[in-house]
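Novice: Once you've had a glance at the structure underneath, I'll fire off some questions.
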Amino acid sequence: MKKEDCIWYDRKRHLGLPLSFTKYYIYDDRLFVESGFFTTKIDEILLYRIRDISLKITLGQKMVGVGCVTVVSSDKTLPVLDLKNIKKPREVKEILHKVVEEMKEKKNIRVGEMMDGGPMGGPMDDGMMHNSDFDC
């Protein structure tokens, strides 16, 4: 894959700075997560398998200009993916929504086809306060 074909790219950030070995990127048909320093692991989700996209920005994230985009898919190995502490999360959510819809239209995927297999629901919010204000 060529860098010029990349639709979007960012890194997981700590206090707004890209001090992480986790990278996220979107190409025309897949969303990738690359993580690790000594051992690199790359996961991918086919865009047409994405079923839901949500956004969460905590107070701490607002202060440093980042947020979390959660992707729920019908992928067996990666049903829920959090794009944690990324810049411009609202724009990323819209970019992702646009490319997912384009890919589904290109592949002639209908809603009924997406309902077969995979998890029916998304991640549950337990309503409890969590330790870190920077978690998704």
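Novice: Do you know which residues across the range 56-75 are in a loop (DSSP other than H, G, I, E, B) and either surrounded by 15 or more Cβ atoms within 10 Å (Cβ to Cβ) or touching a Leu at 6+ places or on another chain (Cβ under 8 Å) (or both)?
Specialist: Matches in the range 56-75: 57, 58, 74, 75.
Novice: Considering each of 86, 53, 95, 109 in turn, give the residue that is part of a loop (DSSP other than H, G, I, E, B) and in contact (Cβ under 8 Å) with a residue 24 or more places away in the chain.
Specialist: 109
Novice: Here are the criteria: (1) loosely packed, with under 14 Cβ neighbours inside 10 Å; (2) within 22 Å of residue 97 (Cβ to Cβ). Tell me which single one residue 40 does not satisfy.
Specialist: With respect to (1) loosely packed, with under 14 Cβ neighbours inside 10 Å; (2) within 22 Å of residue 97 (Cβ to Cβ), residue 40 is out only on (2).
Novice: Any residue at all in the range 13-22 that is farther than 19 Å from residue 136 by Cα and touching a residue at least 12 places away in the same chain (Cβ under 8 Å)?
Specialist: no
Novice: Can you spot a residue in the range 34-43 that is of a type in the set (Asp, Glu), touching a Leu at 6+ places or on another chain (Cβ under 6 Å), in a strand (DSSP E or B) and at pLDDT 95 or above?
Specialist: There is at least one residue in the range 34-43 that is of a type in the set (Asp, Glu), touching a Leu at 6+ places or on another chain (Cβ under 6 Å), in a strand (DSSP E or B) and at pLDDT 95 or above.
Yes/no matrix, rows are residues, columns are (1) within 11 Å of the chain's Cα centre (by Cα); (2) modelled with pLDDT under 95; (3) within 22 Å of residue 28 (Cβ to Cβ); (4) of a type in the set (Lys, Arg):
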position	(1), (2), (3), (4)
55	yes, no, no, no
75	no, yes, yes, no
97	yes, no, yes, no
102	no, yes, yes, no
109	no, yes, yes, no
128	no, yes, no, no
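Novice: Now a separate question. Among the numbered criteria (1) surrounded by 15 or more Cβ atoms within 10 Å (Cβ to Cβ); (2) at positive phi; (3) over 12 Å from the mean Cα position of the chain (by Cα), which one does residue 85 miss?
Specialist: Evaluating residue 85 over (1) surrounded by 15 or more Cβ atoms within 10 Å (Cβ to Cβ); (2) at positive phi; (3) over 12 Å from the mean Cα position of the chain (by Cα) leaves (3) as the failure.
Novice: Out of contact with any Phe, Trp or Tyr (no Cβ under 7 Å at 6 or more places or on another chain), basic (Lys, Arg) and at pLDDT 95 or above: which single residue out of 2, 93 fits that description?
Specialist: Of 2, 93, the one residue that is out of contact with any Phe, Trp or Tyr (no Cβ under 7 Å at 6 or more places or on another chain), basic (Lys, Arg) and at pLDDT 95 or above is 93.
Novice: Look at residue 77 and say whether it is free of Cβ contacts under 8 Å to residues at least 60 places away in the same chain, of a type in the set (Ser, Thr, Tyr) and farther than 17 Å from residue 20 by Cα.
Specialist: yes
Novice: Test each condition in (1) within 13 Å of the chain's Cα centre (by Cα); (2) touching a residue at least 60 places away in the same chain (Cβ under 8 Å) for residue 60 and report the one that comes out false.
Specialist: With respect to (1) within 13 Å of the chain's Cα centre (by Cα); (2) touching a residue at least 60 places away in the same chain (Cβ under 8 Å), residue 60 is out only on (1).
Novice: Name the residue, out of 29, 10, that is crowded, with 16+ Cβ neighbours inside 10 Å and touching a residue at least 24 places away in the same chain (Cβ under 8 Å).
Specialist: So the residue among 29, 10 that is crowded, with 16+ Cβ neighbours inside 10 Å and touching a residue at least 24 places away in the same chain (Cβ under 8 Å) is 10.
The values are calculated or read from the model by the stated rules, or taken from the named source; none is laboratory data. Fair warning: this is a prediction, and the values are worked out from it, not measured in the lab. Backbone-built Cβ (ideal geometry, glycine too); neighbour counts: all protein chains shown.
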